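The values are calculated or read from the model by the stated rules, or taken from the named source; none is laboratory data. Owing to the predicted nature of the structure, the values given are computational and were not obtained by experimental measurement. Ideal geometry is used to build each Cβ from the backbone, glycine not excepted, and the neighbour counts take in all protein chains shown.
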Amino acid sequence: MSDALQNPIFRDYFVVLMGLLVVAGTLILVLRLLHKNVDHAWKAYRGWLFMIPPVFVALYFGRVTTIVFFTLLSLSAFFEFARATGLYRDWGMLSVVILGIISVGVVSAMDDPGTKVHGWYGMLMALPVYVVAAIMMIPIIRDRAKGQLQPIALSVVGFIYIGWMFGHLSYLTNAKNAYGYLLYLLFAVPLNDIAAFTFGRIFGNRKFRPNISPNKTWAGSIGALAVSMALPWLVRFSFPEFGTAELILTGIIVGIGGQLGDLTISVMKRDIGIKDMGAVIEGHGGILDRVDSLIYVAPLFFHMTRYFVGL
Amino acid sequence: MESWHYEPTPDFDKTPIERLRDFPRHPHFFVYWMRTFANLVVRAILRIGNRFEIAGRENLPSSGSFVMVANHASHLDAPSLLAALPLKQVHRAFPAAAADYFFTNLPVLAFSAIVMNAMPFDRRENPKQSIDACRQLLESEGHVLILFPEGTRTADGSIGPFKPGIGFLIAGSAIPVVPCHIRGAWKAWPKGNWIPRPRKLTLTIGKPLVFADKQRVKDDALAIAETLRSAVAALD
């Protein structure tokens, strides 16, 4: 990643997303002038106003800033998870997971000691071993067994799912086409969510997974998959090195993975008995509610790309 | 198989700003370390910038809850009193701060809540409710309440009359009150100045006083306030 403004993909996404923000803002303003109730839309829009510019700022300043940005996002998401589950009371476990999440950022930022290229891939893949081993050591150091399995399990899920899987985005900054991959994911995954919501509202009556997320419908799910399958072709400029197979796989990963990510966080929320994972972004819930789909998509897209075209 | 028992934090559905305004605040991992680090920095600044000295530290009770009262001349007062406590204790020490001044705009609110661990004190609308909150705070073991009974910073460097609220708070209670005197704060950072000046600052800690024999009535409250004011002034 170097000189964002010289990169045509960065420029194109900047124009498209800023254009969308302006159009959506104007639309809300017009509806408001026509005395329509736009409170819900305005809250969602204001959330996007807070979320989109920091992404561009982080990408603009380069690889390390972007890794720091994703690491902070990952830490915030993990903290929401810890606050929701009660894990936040166990500061020993918390410390290990925090160090693990920071390590994901560090190994993504540093050079491979062997090949001297950006990003230490081998260590990124080995990190779960070390972090899980460290988590398991805590009850042993404390010499305590009663009630330890729950914090151990929550810490492992917190690190592997929220820290490590999401942390693959940090490593994607080392790709030759980092702007294309990152901006595509950050654009396509929320669009997949919006498509599921919109198709569900218009055509949906058959519930998809009523015990997990009562508002999700089969129509929404299929509609989102259709949009996500079409999108790689519509914004093909994002990945000129992709052939048909990679474009299809990208569509499937975002279309299905995004929804599975959403449902996974819903499973956690339903089990705990809460509506949102936090209240950081008004109208959007917590950070984890916003990045839930990305968590599933990031590692799948990462490994698909690495396998077929190389990073 | 028995279900796991989840316990989300009680302030779970509040925004970060609401959580800072909230009192009592729930322990937060990052806030704890930020406060520890910030207090280390503040202590270093006081020591180097203001040649800060503390006398009578041995008078601070080593266990149980207690109240520290002091004259109020500048924004350096609360950090000076916190600096007299062991670093670990700053998370259980609460300077009562005017809600209308320290809990309004975001940067000041963040500093008050994160660094100072301040307790919002409503001195205008509902002082009685705030005194009740102080009383509840002192009921928990090992809490330190820091109060400036003048209610505001001095305009001319002299010690003003103490308000009777402190009397109502501790009358009939076995909680010790530690009188403290801060010297040099008015010259270092008088009201109206934007930044502090590097003037010498000395904190003198007096022997604790207990007012268990007093009643929670106006006359006794006024007498306690006057006794404490004299005790603070005598440390000069």
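With respect to the conditions (1) within 21 Å of B:His143 (Cβ to Cβ); (2) over 16 Å from the mean Cα position of the chain (by Cα); (3) away from chain A (no Cβ under 14 Å), B:His72 falls short on a single one, namely (2).
What do you reckon, is A:Leu294 more than 27 Å from A:Val15 (Cβ to Cβ), more than 14 Å from chain B (Cβ to nearest Cβ) and of a type outside the set (Gly, Ala, Ser)? No; evaluated as a whole, the condition is false for this residue. Of the candidates A:Ile138, A:Ile162, the single residue that is within 30 Å of A:Gly310 (Cα to Cα), touching a helix residue (DSSP H, G or I) at 6+ places or on another chain (Cβ under 7 Å) and in a helix (DSSP H, G or I) is A:Ile162. Taking the conditions (1) within 14 Å of chain B (Cβ to nearest Cβ); (2) small (Gly, Ala, Ser); (3) touching a residue at least 40 places away in the same chain (Cβ under 8 Å) in turn, A:Gly147 satisfies each one other than (3). Screening region B:70-179 for helices (runs of 4 or more DSSP H) wholly inside it with 2 or more residues that are crowded, with 22+ Cβ neighbours inside 10 Å and in contact (Cβ under 8 Å) with a residue 60 or more places away in the chain returns the ranges B:77-83, B:165-170.
Among the residues of region A:10-61, the one identified as outside any helix (DSSP H, G or I) and under 19 Å from A:Leu183 (Cβ atoms) is A:Phe61. Of the residues making up region A:11-57, those that are buried (at least 16 other Cβ atoms within 10 Å of the Cβ) and in contact with an Asp or Glu (Cβ under 9 Å, 6 or more places away or on another chain) are A:Arg46, A:Gly47. When A:Leu234 is tested against the conditions (1) out of contact with any His (no Cβ under 6 Å at 6 or more places or on another chain); (2) of a type outside the set (Phe, Trp, Tyr); (3) touching a residue at least 12 places away in the same chain (Cβ under 8 Å), the lone failure is (3).
The residues of region B:19-55 that are more than 21 Å from the chain's Cα centre (by Cα) and exposed (fewer than 14 other Cβ atoms within 10 Å of the Cβ), listed by number, are B:Phe30, B:Ile48, B:Arg51. Assessment of region A:258-268 against the conditions (among the small types (Gly, Ala, Ser) and surrounded by 20 or more Cβ atoms within 10 Å (Cβ to Cβ)) yields at least one matching residue.
Take the conditions (1) of a type in the set (Ser, Thr, Tyr); (2) assigned to a helix (DSSP H, G or I); (3) farther than 30 Å from A:Val157 by Cα; A:Thr115 misses just one of them, which is (2).
Residues of region A:239-275 being in a loop (DSSP other than H, G, I, E, B) and within 14 Å of chain B (Cβ to nearest Cβ), which ones? The answer is A:Gly273, A:Ile274, A:Lys275. Residues in region A:201-220 that are crowded, with 21+ Cβ neighbours inside 10 Å and modelled with pLDDT of 85 or more: A:Lys216, A:Thr217, A:Gly220.
Annotation note: of A:Gly285, A:Gly200, A:Gly223, A:Gly278, the sole residue that is within 14 Å of chain B (Cβ to nearest Cβ), without any contact (Cβ under 8 Å) to a residue 40 or more places away in the chain and in contact with a Gly (Cβ under 9 Å, 6 or more places away or on another chain) is A:Gly285.
Can you tell me which residue is nearest to B:His5 (Cα to Cα) among those in region A:254-291 that are modelled with pLDDT of 90 or more and of a type in the set (Asp, Glu)? Applying the filter and picking the extreme gives A:Asp271. For region A:62-112, name all the residues that are part of a loop (DSSP other than H, G, I, E, B) and surrounded by fewer than 20 Cβ atoms within 10 Å (Cβ to Cβ). Within region A:62-112, A:Gly62, A:Gly86, A:Met110, A:Asp112 qualify. Of all residues in region A:78-95, those satisfying the criterion of being without any contact (Cβ under 8 Å) to a residue 60 or more places away in the chain and more than 7 Å from chain B (Cβ to nearest Cβ) are A:Phe79, A:Arg89, A:Gly92, A:Ser95. Of the residues making up region B:155-167, at least one is over 13 Å from the mean Cα position of the chain (by Cα), at negative phi, basic (Lys, Arg) and at pLDDT 90 or above.
Please go through region B:1-31 and give me each residue that is part of a helix (DSSP H, G or I), facing another protein chain (nearest Cβ under 8 Å) and touching a Phe, Trp or Tyr at 6+ places or on another chain (Cβ under 8 Å), ordered by number. Across region B:1-31, the qualifying residues are B:Phe29, B:Phe30. Which members of region B:41-69 meet the condition of being in contact with a Leu (Cβ under 7 Å, 6 or more places away or on another chain) and either assigned to a helix (DSSP H, G or I) or under 20 Å from B:Phe121 (Cα atoms) (or both)? B:Leu46, B:Ser65, B:Val67, B:Met68, B:Val69, listed by residue number.
Just so you know, in region B:185-221 the residues that are modelled with pLDDT of 90 or more and small (Gly, Ala, Ser) include one that is surrounded by the most Cβ atoms within 10 Å (Cβ to Cβ), and it is B:Ala221.
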